[in-house]
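Data first, discussion second: the structure below is written as structure tokens.
The values are calculated or read from the model by the stated rules, or taken from the named source; none is laboratory data. Just so it is clear, the model here is predicted, and its values are computed rather than measured. Reconstructed Cβ throughout: ideal geometry from the backbone, glycine too, with neighbour counts over all protein chains shown.
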Amino acid sequence: MNEASHNPELTTCLRVLGVDPGQVAAETTRALCGAGRRYIIVPSGERPRWILPVGDTRVLRGGLLSYRPWRWPGKLGRVCMLVVTASPGLCTRIFSGFTVACEGESAWAKQFCASYGERDVSLAFSLGTPGPHRRTTIRIMDRVGTLRGYAKVGISGPATETLKREADALKRLNTQTKLRGRVPSLVWEGEIDSVTGIFLAPGPEEVAGVELGSMHLGFLTMLSLDVQGPVGENAEYRNVIAAMRTAAASMPGGAPDCVRQALNSIEREANDHVVTSVIAHGDFAPWNIRRMGQDLYVFDWESAEHLSLPLLDVLHFILQVSLLVERRSPEQAALDVLSALRRPDVLEYCRQMKVSDRATQLLCLLGLMKRCAVHVADVTITGAPLDEHPGFQETIRVLEALLPHLVAPGSVRRA
């Protein structure tokens, strides 16, 4: 059985490398294409997740930056991998079931070289988070491991659409002087071998950490627009509410009580609160943020929304860290949200965005509805039952824990 035939993302990566996917079989998972550059396929669970170059320690060190674990077991694993893969012979023995080798230039490699002014490149792949919008991110390096840029490729219809959205978003963002140099610039976009891709300029390498701080809130403040209006007239508000109303009507047994209460509460008061519109990143999380001196550099703008609502990115960051990095329960994550809403720096951000106490509560409810809507959109594409989607069920539990604090006026008070 051919492993690549059941993993289209892996197939795409191998094609970018110039490796014949037919040579990657389940019983050997080794593609021997001559004496070319050697790569290892690193699994996460039962599926391939990273493809990293080995044989040259400098290139491997650069490639390992594509594998950024946030918890200590992953960090320990990366250290061990660096030690093992520094020796090609040892790597071949230990990773004998997960080794590929490529020789010669693929059409993709030629485009990389042309776009970044290199004669040769080394590549490191992150296959991305599983899902209908899954995209592969490629770290493009020269022969000594120096970062030259990034590429993203996607083969499914939804993934291709997100790449086009990101390209459009970056073009718009780079027209704004205050954001220039703080977001990636687009180097190339197009299609090679029926696969759509975008190339991005390199950014800083230093991670900004997992704590929401003044730099994060300062960056989000920069995304404010000179537009104010009622929450109920905002385009993203209308899209989220419409998506959740449609989803609620189609849920077996009807929508959960917490969803109905949240929707009713938001719709009842949405036109009573005027806030400043913003550009929303859509996936503002530690893995999409780097530190650049005293500033932040933020990438992955495929979920960006122009003329969106404030506070949604703050809520998303808190929940992503609590649920995915710290592995806290949904109920504990809800407490993290409540704690953040009382922080002086978050209160100051809300003040600058003209967000009142009650509007803060409503926007948190709307942010949870948006998370639900994203999960509903995923299962619409995949056809999987909504009640089996872990992200949706997790969000419902967060909502149930927060609802008593957000529906009743005055339940979350500023210090």
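Structural remarks
- If only residues of the stretch 217-276 that are under 29 Å from the mean Cα position of the chain (by Cα) and part of a loop (DSSP other than H, G, I, E, B) are counted, the one that is nearest to Leu386 (Cα to Cα) is Met251.
- Which numbered condition Met81 fails, given (1) out of contact with any strand residue (DSSP E or B) (no Cβ under 9 Å at 6 or more places or on another chain); (2) farther than 21 Å from Gln320 by Cβ; (3) in a helix (DSSP H, G or I); (4) modelled with pLDDT under 75: (1)
- Of all residues in the stretch 307-332 being of a type in the set (D, E, K, R) and in a loop (DSSP other than H, G, I, E, B), the one that is surrounded by the fewest Cβ atoms within 10 Å (Cβ to Cβ): Arg327
- Subset tally (residues that are surrounded by fewer than 18 Cβ atoms within 10 Å (Cβ to Cβ) and at pLDDT 90 or above) for the stretch 84-110: 2
- Qualifying residues in the stretch 25-60 (those that are modelled with pLDDT under 60 and crowded, with 20+ Cβ neighbours inside 10 Å) - the one nearest to Asp120 (Cα to Cα): Ala31
- Cross-chain or 6+ apart pairs with Cβ under 6 Å, the stretch 276-291 first and closer than 12 Å to Leu324 by Cβ, then modelled with pLDDT under 95 and among the aliphatic types (A, V, I, L, M): Pro286/Val210
- Scanning the stretch 289-306 for residues that are under 19 Å from Asp378 (Cβ atoms) and not in a strand (DSSP E or B) gives Asp300, Glu302, Ser303, Ala304.
- In the stretch 212-248, the residues that are without any contact (Cβ under 8 Å) to a residue 60 or more places away in the chain and of a type in the set (D, E, K, R): Asp226, Glu233, Arg238, Arg245
- Flag if Val298 is at pLDDT 95 or above, aliphatic (A, V, I, L, M), assigned by TED's automatic domain parsing to the domain that holds Ser265 and under 30 Å from Phe199 (Cα atoms): yes
- Test: Leu312 is in contact (Cβ under 8 Å) with a residue 40 or more places away in the chain, among the aliphatic types (A, V, I, L, M) and over 18 Å from Tyr349 (Cα atoms): no
- Test: residue in the stretch 199-212 that is part of a strand (DSSP E or B) and either of a type in the set (Asp, Glu) or buried (at least 17 other Cβ atoms within 10 Å of the Cβ) (or both): yes
- A residue that is outside the structural domain of Trp301 (by TED's automatic domain parsing) and in contact with a Ser or Thr (Cβ under 8 Å, 6 or more places away or on another chain) occurs somewhere in the stretch 174-185.
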